[in-house]
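**Q** Below: one structure in structure tokens.
The values are calculated or read from the model by the stated rules, or taken from the named source; none is laboratory data. All of these numbers come straight from a predicted model, not from anything done at the bench. Cβ atoms come from the backbone with ideal geometry, glycine included; neighbour counts cover every protein chain shown.
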């Protein structure tokens, strides 16, 4: 009986860590609320809202203010997050500078922290790059 209880506790602990990484940040609409320690003011137009979605299959998709983007990401149980192979559409827009900074920060991402529906990304030196708020669509 004791080995069975041990296995249950071990399995539950390991699954809870996996649940935190996989289910708390994937398949959610993450709206950008801060970039380079500056608040991002939400516009009235949803087409201008900067966001990302981390798909369960390791893909990232989103909108960077003017252009759509997609790429790949990898994460682990140590809250490491690496975003790779980002590609974007290339329309010219007045806010292209903000978009360029945003996509550059995504490429520099190495770690993340999740708390209270807020996702914060950091570089290798633990410098905060951006902060996102989860927007529930249902």
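**Q** Out of all the residues in region 36-53, is one or more in a strand (DSSP E or B), surrounded by 15 or more Cβ atoms within 10 Å (Cβ to Cβ) and touching a residue at least 60 places away in the same chain (Cβ under 8 Å)?
**A** Looking for residues that are in a strand (DSSP E or B), surrounded by 15 or more Cβ atoms within 10 Å (Cβ to Cβ) and touching a residue at least 60 places away in the same chain (Cβ under 8 Å), one finds at least one in region 36-53, hence yes.
**Q** Turning to a different aspect of this structure: Residue 54: under 12 Å from the mean Cα position of the chain (by Cα), within 18 Å of residue 127 (Cα to Cα) and modelled with pLDDT of 95 or more, yes or no?
**A** So residue 54 fails the test.
**Q** Restricting to region 83-99, give me the number of residues that are surrounded by 15 or more Cβ atoms within 10 Å (Cβ to Cβ) and under 19 Å from residue 111 (Cα atoms).
**A** Total meeting the criteria: 2.
**Q** With the structure loaded, tell me whether residue 56 is farther than 17 Å from residue 130 by Cβ, in contact with a strand residue (DSSP E or B) (Cβ under 7 Å, 6 or more places away or on another chain) and surrounded by 11 or more Cβ atoms within 10 Å (Cβ to Cβ) or whether it fails that test.
**A** no
**Q** Residues being touching a strand residue (DSSP E or B) at 6+ places or on another chain (Cβ under 6 Å) and outside any loop (DSSP other than H, G, I, E, B): count how many of those fall in region 60-78.
**A** 11
**Q** State which residue is farthest from residue 27 (Cα to Cα) when the search covers only region 61-79 and only residues that are out of contact with any helix residue (DSSP H, G or I) (no Cβ under 6 Å at 6 or more places or on another chain), free of Cβ contacts under 8 Å to residues at least 40 places away in the same chain and surrounded by 15 or more Cβ atoms within 10 Å (Cβ to Cβ).
**A** 67
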